[in-house]
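One structure, pasted below without further comment.
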Amino acid sequence: MTDTDNSDLAAGFDNEFISEIKDDLELLEPDLLTMEKDGKNVDGELVNHAFRAIHSIKGGAGFCGLNDLGALSHSMENVLMRVRDGRLEVSSEMVDALLKGLDKMKLMIEALDSGEVPPYSEEKKDLEAILSPEKPKAETAKEQVEPVESKANLSEKMKPEVVKEPEPHEINPPDSTPLPQPEKKSADIDLEKTDAYWTIITPEDSIFKGKAFDVEASGLNKSVIEAQFVYAVQLDVTKDFLDKKRAVQDFFSDIDNTGDLLFSDLDRDAGPLELQALSDSKAIVIATILDIDFLSEVLEIPNWQIVQFTPAQLQPTVEESTDRARQNDKEPDALDQPVKEKSQALKPSSDNDKVIEPKEQVQSPKKTSAVSAKKSVETIRVNVELITRLMNLAGELVLSRNQLRPMVERYAGEDTVVNGYMQNLNLVTTEIQEDIMRMRMQPVGNLLTRFERIARDMARSLSKKVAYFIEGGDVELDKTVLEGLANPFTHLMRNCVDHGIELPRERLEAGKPETGTIVVKAFHQGGHVHIAIQDDGKGIDPDSIVSMAVQKGILTKAEAEGMTEKEKIHLIFRPGFSTSEEITDISGRGVGMDVVRTNIEKLGGTIDIDASPGEGTTVRIIIPLTLAIVSALIVGTGGYRFAIPQVSVSEVVFLHSGDLTSSVESVGGSDVMRFRERLLPVVRLRNMLNMKTLYKDSRTGQKRLENRKSLSDRRRKSLESSKKLDHRLGKGDRRQKAWGAVYVVVLKVGLNRFGLCVEELFDNEEIVVKPLSDHLKGCRCFSGATILGDGRVIMILDASGMAGYSGLRFEAVNAEEERRLAREKSRISIEAQTRNVIVFSSAKDEYFALDLNTMARLEAIFPRDIHGAGNRRFMEHNRSSISLFYLDDFLPVNPCSSGEEELHVIIPKRFSGKAGIIVNQIIDTMEIRHDLNRDGLNCDGIDGTAFVNGMLVQVLDMKQLNEKIDDKIKVDV
Amino acid sequence: MNSNGIENSKNKQYVSFRIDDYLMGIDILKVREVNLLLDITPVQHTPDHIRGLINLRGQTVTVFDLGVKLGRSRRKITEQSHNIILKSDSVGILVDGIGDVISVNEDDIEPAPVNMDSQNMHYVENVVRLEKELMIIISPEKVLGSSGQGRDGAEVSHD
């Protein structure tokens, strides 16, 4: 073990190594999770990958003298090695133990600065427990921890394994009918020109003393491509086999599990008797990913008997000798075997055909290496600052090019060559810029895989079953954006598992598969990255959201009534909202979605949620590709330009000076504007920035200082100031026009909005955001600076900062708005209670009103047409007679004053064609309010009195009047 | 320029400049460059001694008004005005005029006289007696570091 050996060397390299260890830890986690998911069918290459990661962690730890980290990683390595060798099957417990070990290692790294070492005995015990159920294995594992342990002892312990070893192959799917395979295999190898042999020569100073080995070119090629180490191993027949009573077959199967055998002069089927007859020294050549110490452990060969070939030695001294091929005719067998068996180890998949299919086998190394391809691409660590600087410079290059272009175009006519140069410069510049941008990009997969772990751990602690899938993990996002997403995503993922996915039992009852699914999809669309988190859980019930919101006082019942389902669901984004009935330790503290939304918006993104009860929830997040470049609206005031990030702009309203005067008013000291039926607080940018404002005097054309402090300040001539104003201004009050037209940029701050008044509006531009230096950190209104195409620096305005700076009290405005709404509402409700009446007079100066809707029609009549019969009066209408009454027949009112002039008859609906009321004069129809004055009125037939246009009107109660008429008609009859 | 300065290791070189009538200097090792990028974008809501931002080849640089810092008036930008860009921190200093690089024998460097007024004292590292006049050596670290502001009433106009 190298754990302590090199600790003194470590000092200067620590950081480099530690960041590598961190990276390896990151790599390891997704591998472990996939292993768990795949269970028994785990991909050999994946295990190898994980193994390599943990192994290099161990190496790094050893190099840095981190013995504890080394010891823990060693335990994990042991477990993984068993898995890789097929001696252990992957189980959830095992992955648990491994993940715990992983976490502890992360803790250890974090705790490095403090110098304390977190205790890790528990994790180690867990890991050993994974190894222990089958005792022999545990002991071999122990042997690896303490390699000093006597070998004799070990050889006995190896025995049970001897029996076990072949098992994996026998258990393996029925494709292992041994005969056809070698044939197909050799056919395969033929394709790869098997007859080519390379000679590799061991160094003179090694134990082999320059011995040459002829190995198959294809095998060697493959190992070089896969960056395996190639070793020559000297086998001491007596010591390594006979003394240990070790079977050759076991040894070879160990080799097969370790790497690819490239050469062997020991017959793999040699029995103990044959062995005895052999000369003492044999040699094999093996290609493997293991380092020399490890190989020695695995093969139980002392490491001085192993010699590693340097890459240079692996360069072929091509000796195409078919003789040699024939001489070594044992070898194809030896070669076929391991390849065959490795392929089984790699692909114990259910699809047998694939395993046998030669083509597939050719591809399989490629395919498996694809797993590691991403990592094996050569990378260097670069300081992010350097990249930022490069990006700036690239931007500047673009700018310089732009400045140069018009000049060049001027000369292009004279010399056409110039144009070509310019185009070239164009292309190169653009490409440089793009590539530098790409340097900051990282695949979202890096982030998303982390959540697999969260989902898994949570699911286990909540005894739920969750499968987690990622689609489009290779979509790339800016590093800073990616980092900013980590927090909100953690929230979302927790919500998903905690609130979304139901317990397995509930799921079965709902007719869904027991295991819940969470799918995270990332894709590009319209210059943005979309990420959708989709689960098939119980969804969100809009009504329970509403009742919760009402209960928490976030919303009134009345407000809830008009809401669409979507709006209801969106309530969860309101601050202080949490749907979880009980607060778990994981989520439900009422800060969740609000924070998520704020975080996403900080990144310039938007979030949307879709849910159908019982079917699942989908959260959609749209984020810009990069934070460094945002689309911004350029506005201007006071001769300066400012950028406002598009994400915070809701809309832009153009106000004529006239509109401005009428629609902006002051509420509680701040300006508000009536806008789309709502009140919008308005801030004037130049006032906010304390700019001295100049305006052009319309008469003199001179620039003058603008003095008004707020928009609603209209400088109306008040009594005191009017003289002064007159004196200063002459005749016209030009101040009414001083504002000219303005643009109101409506900005979003969370759920609130406010308007920013600017005088000029320019284009939308993609701007590169430059953070403010520490000297400027104090200004809340700006979130950064940027450089425009013309090279000018402009400031980027920050919506929430501005709102804060201007002390916008959204609550006050909202309260005012509510007050107005309430007023409006009560106005409407009163309006609904007014009634339309017809007003008429019966006697002089005595006015009555009657509900229009109780009346059928109005007839004009002359007194001479009123025919009396006894004490009754009739008129003729459509050849039938209508009884006529005066109001004073029923009511204590003055008698109708009738002269010769025209009278009117009101025919109530009730008595259409039967009875009518004679009135003197029709005044008008009008609306009167319902709340009549009923003071001191005690008279059937009169509802109350009201003043209308200065007249006292007695409003008739038609219902009572109808009864009276009824009585009269009956009596008369 | 003082020609024998470079060979003599005991010499220090200063970039000389003027604020009003004062000759001042900054250690040349702390200066990245001197330029004429005077298109300064003001940043509102900042102390008076911060003049604004300039675009230095794609990098934003904060420009300080040394005059305000030293308790004098806000600089007026003239044809002689220059920015001295410091190596640290992307910061520039706006000065009224730029002079030679002056080599000074270390023996000629004296501590600042105690009778300088306290605000000025704060930023002054040393003084150097030259043939004709006194050069005040400014410590850029102190200028940038302290949040000391100029006199009240330093006139500000954003037009």
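Mind listing, in residue-number order, the residues in the range A:384-406 that have at least 10 Å² less accessible area with every protein chain present than in their own chain alone (1.4 Å probe)?
A:Arg389, A:Asn392, A:Leu393, A:Glu396
Can you run phi through the Karplus equation (6.51, -1.76, 1.60; θ = phi - 60°) for the range A:597-606 and list ³J(HN,Hα) in whole Hz, with x for Gly and Pro?
Result, ordered by residue: 4, 4, 5, 5, 5, 4, 7, x, x, 10 Hz.
Is there a pair in A:Lys239/A:Lys282; A:Lys602/A:Lys770; A:Lys557/A:Lys602; A:Lys602/A:Lys748; A:Lys104/A:Lys464; A:Lys37/A:Lys521 whose C-alpha atoms are over 21 Å apart, and which pairs would that be?
Table pairs above 21 Å Cα-Cα are A:Lys557/A:Lys602; A:Lys104/A:Lys464.
Return the distance in nm (one decimal) between the two label points of a simple spin-label model at A:Ala812 and A:Leu427, each offset 7 Å from Cα along Cα→Cβ.
6.2 nm
Work out the FRET efficiency for B:Thr78 and A:Leu821 from their Cβ-Cβ distance, taking R0 = 51 Å, and round it to the nearest 0.05.
E(calc), rounded to 0.05, equals 0.30.
Can you list the residues of the range B:75-102 with backbone N under 18 Å from a point 7 Å past the Cα of B:Leu38, pointing along Cα to Cβ?
Only B:75-85, B:92-100 pass the distance filter.
Would you mind checking which residues have amide H under 5 Å from A:Leu679's amide H? H placed 1.01 Å from N; only 5 or more apart, or other chain.
For A:Leu679, whose amide H was placed from the backbone, there are no distant partners under 5 Å.
If you project the alpha carbons of the range A:802-861 onto the principal axes, what extent comes out on each, in Å, largest first?
For the range A:802-861, the Cα extents along the three principal axes come out at 75, 25, 14 Å.
Cα extents of the range A:388-532 along the three principal axes, largest first, in whole Å?
82, 29, 16
Could you compute how much accessible area chains A and B hide from each other, both sides summed, with a 1.4 Å probe? Nearest 100 Å² is fine.
2100 Å²
Next question. If each of A:Asp790 and A:Asp608 carries a label point 7 Å out from its Cα toward its Cβ, how far apart are those two points in nm?
Using points 7 Å along Cα→Cβ, the separation is 3.8 nm.
Give a quick list of trypsin sites (Lys or Arg not before Pro) in the range B:11-114 that DSSP marks as loop, anything other than H, G, I, E or B, with at most 15 other Cβ atoms within 10 Å.
Sparse-neighbourhood loop trypsin sites (Lys or Arg not before Pro): B:Lys76, B:Lys87.
What residues in the range A:786-814 lose 30 Å² or more of accessible surface when the other protein chains are added to their chain alone (1.4 Å probe)?
So the qualifying set is A:Ile787, A:Arg792, A:Val793, A:Met795.
Which distance in nm do the two modelled labels at A:Ser92 and A:Ala869 give, with both placed 7 Å along the Cα-to-Cβ direction?
10.0 nm
Mind listing which trypsin sites (Lys or Arg not before Pro) in the range A:781-852 are in a DSSP loop and have 13 or fewer other Cβ atoms within 10 Å?
Passing both the DSSP loop test and the Cβ count: A:Lys844.
Working out 0.36 nm times the residue gap between A:Ala277 and A:Asp967, then minus their Cα-Cα distance, what length gain in nm do you get to one decimal?
Length gained, A:Ala277 through A:Asp967: 234.3 nm.
Separate question: Check B:His49: other-chain or 5+ apart residues with amide H under 5 Å from its amide H, H built from backbone geometry?
Close amide H contacts, sequence-distant or interchain: B:Gly150.
Still on this structure, I have one more. Taking a 1.4 Å probe, which of A:Leu477, A:Leu852 shows the most accessible area, and what order do the others take after it?
Most to least solvent-accessible, the answer reads A:Leu852, A:Leu477.
For A:Lys125 and A:Asn41, compute 0.36 nm times the residue count separating them, minus their Cα-Cα distance, and round to one decimal in nm.
Between A:Lys125 and A:Asn41, full extension yields an extra 27.6 nm.
To continue, here is another question. Any chance you could run the full-extension gain for A:Leu852 through A:Asn487? It's 0.36 nm times the residue separation minus the Cα-Cα distance, nm to one decimal.
Stretched out fully, the A:Leu852 to A:Asn487 stretch lengthens by 124.7 nm.
Determine ³J(HN,Hα), in whole Hz, for all residues of the range A:865-877 in sequence, where each value follows from phi through the Karplus function 6.51 cos²θ - 1.76 cosθ + 1.60 and θ = phi - 60°; x replaces Gly and Pro.
Whole-Hz 3J(HN,Hα) from phi for the range A:865-877: 7, 8, 9, x, 9, x, 8, 10, 10, 10, 9, 9, 9.
Can you list residues from other chains, or at least 5 along the same chain, whose modelled amide H is less than 5 Å from the amide H of B:Arg75?
When sequence neighbours closer than 5 places are left aside, the close amide H contacts are B:Gly67, B:Val68.
Given a Förster distance of 35 angstrom, what is the FRET efficiency for A:Gln403 paired with B:Lys30, based on the Cβ-Cβ distance and rounded to 0.05?
Working from the Cβ atoms, E equals 0.70.
If each Cα of the range A:12-92 is one equal point scatterer, what is log10 of I(q)/I(0) from the Debye formula at q = 0.13, 0.18 Å⁻¹?
For the range A:12-92, the Cα-only Debye profile gives -0.39, -0.69.
So what's the projected area for the range A:858-919, the Cα convex hull averaged over all directions, in nm²?
Mean shadow area of the hull around the Cα atoms is 4.3 nm².
The values are calculated or read from the model by the stated rules, or taken from the named source; none is laboratory data. It should be emphasised that the depicted structure is a prediction, and the values quoted were computed from it without experimental measurement. In this analysis, Cβ positions are derived from the backbone assuming ideal geometry, glycine residues included, and neighbour counts consider all displayed protein chains. Keep in mind that these areas ignore ligands, DNA and RNA; they rest on the heavy atoms of the full protein, side chains included. Shrake-Rupley method; radii C 1.70, N 1.55, O 1.52, S 1.80 Å.
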